[in-house]
Amino acid sequence: MQMLKTSVYKEEAHVKAIVMRSNTSFYWAMRLLPREKRTAMFAIYAFCRAVDDIADESGTVQYKRLCLQKRRTEIVETFDGNPNNPLDRQLLLAKNRFELESADFLEIIAGMVMDVRDEKVGERVRIASVSELTLYCDRVAGAVGRLSNRVFGLVGETGDRLASTLGRALQITNILRDLLEDAESKRLYLPQEILEKYGIDKTEPEDVLASPQLANVCNEIATIAEQDFRDAEAILCELDRKKIRPVIIMKNIYLPTLQRLIKRGWVNLEQPVSLSRPEKLWIILRSGFLGR
């Protein structure tokens, strides 16, 4: 029994180390949770970090797709009761302990697949419509929210609605913040239907970002995120805020980021917009311990 406990502690430490190496401010938000919930969130974060790295790291499209397919197979095997590494054993423990949905992990991988396209054969990371943008956001952010909410003890329709609403708000904020970075990778997440609405018929990211109509496009998309933040806050007001402190912290970090992006505008995209580490830590302290 002692050897089993020692093994579990070592695997928890392994997953925690992955999170710490990512240098994320949200490590401290997760630290606010009780041990079992904290360990589960570390495992979920480490899983997301790993598949995101596959999509973003250097390598051929074929190699990335193989890696993502391999990861998908490993997750299916893990939740069939056959984990083969420390992270997957921690994920299985979290799944069983908090009744996590296997489908949400697979949706996250599917979102990463949407980020992997081969320009050489005419495949490009493009979003055709707002509905496709919503699907993408739900896969890469909403699914993470659903997993997290179950760990926090927020289950059922309310938790899923919060995950979808806040997930889209957070991901749209990421998209608007990273326009130049994504363009360098030949990725464009601004929906084609909105581009066409404002007379932008270009499809190359650098051409779209150079358009004088870019501000109209970005402001319309930002408006979607602003409404999502308002809807998420309305849901949060109905809940026990002590149970969902990490969710509140995420909202309180991303909302001012969006507001600063809107204030900066969409001309000087090279001017970075972000919260400083001290600002993030203050938000974590304020939202986590002071309840604001």
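Summary table
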item	result
Total residues in segment 146-161, condition in contact (Cβ under 8 Å) with a residue 12 or more places away in the chain, in a helix (DSSP H, G or I) and either over 14 Å from Asp231 (Cα atoms) or not assigned by TED's automatic domain parsing to the domain that holds Ser274 (or both)	7
Residue among Glu196, Glu181 that is assigned to a helix (DSSP H, G or I), under 20 Å from Met114 (Cβ atoms), without any contact (Cβ under 8 Å) to a residue 12 or more places away in the chain and in the same structural domain as Ile235 (by TED's automatic domain parsing)	Glu181
Which listed residue is surrounded by 14 or more Cβ atoms within 10 Å (Cβ to Cβ), in contact with a Gly (Cβ under 8 Å, 6 or more places away or on another chain) and among the basic types (Lys, Arg), from Arg146, Arg187	Arg146
Condition met for Ser164 (within 23 Å of Glu238 (Cα to Cα), out of contact with any His (no Cβ under 8 Å at 6 or more places or on another chain) and in a helix (DSSP H, G or I))	yes
Qualifying residue in segment 110-127 (condition: in a strand (DSSP E or B) and either at pLDDT 95 or above or surrounded by fewer than 21 Cβ atoms within 10 Å (Cβ to Cβ) (or both))	yes
Checking Val125 against (1) without any contact (Cβ under 8 Å) to a residue 12 or more places away in the chain; (2) touching a strand residue (DSSP E or B) at 6+ places or on another chain (Cβ under 6 Å), the condition it does not meet	(1)
Number of positions in segment 38-76 that are crowded, with 17+ Cβ neighbours inside 10 Å, among the basic types (Lys, Arg) and within 17 Å of Ser102 (Cα to Cα)	2
Residues satisfying the stated conditions in segment 197-215, i.e. buried (at least 17 other Cβ atoms within 10 Å of the Cβ) and not aliphatic (A, V, I, L, M)	Pro205, Ser211
Index of the failed condition, Cys218 passing every other in (1) more than 25 Å from Asp160 (Cα to Cα); (2) free of Cβ contacts under 8 Å to residues at least 24 places away in the same chain; (3) assigned to a helix (DSSP H, G or I)	(2)
Boolean, Ser276 is at pLDDT below 95, of a type in the set (Ser, Thr, Tyr) and touching a helix residue (DSSP H, G or I) at 6+ places or on another chain (Cβ under 6 Å)	no
Residue check for Tyr198: modelled with pLDDT of 95 or more, of a type outside the set (Lys, Arg) and in contact with a strand residue (DSSP E or B) (Cβ under 8 Å, 6 or more places away or on another chain)	no
Filter result for Asn268 (part of a helix (DSSP H, G or I), at pLDDT below 95, out of contact with any Pro (no Cβ under 9 Å at 6 or more places or on another chain) and among the polar types (S, T, N, Q))	no
Check on Ala50, more than 30 Å from Arg187 (Cα to Cα) and touching a residue at least 12 places away in the same chain (Cβ under 8 Å)	no
Some residue of segment 22-37 being surrounded by 12 or more Cβ atoms within 10 Å (Cβ to Cβ) and at pLDDT 90 or above	yes
Residue match in segment 97-104 (condition: assigned to a loop (DSSP other than H, G, I, E, B), of a type outside the set (Asp, Glu), at pLDDT 95 or above and under 26 Å from Tyr254 (Cα atoms))	yes
Residue within segment 166-174 that is among the charged types (D, E, K, R), in the same structural domain as Tyr136 (by TED's automatic domain parsing) and within 19 Å of the chain's Cα centre (by Cα) present	yes
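The values are calculated or read from the model by the stated rules, or taken from the named source; none is laboratory data. What you are looking at is a predicted structure, and each value in this text was computed from that prediction instead of being measured. Positions of Cβ are generated from backbone atoms using ideal geometry, with glycine treated the same way; all protein chains shown enter the neighbour counts.
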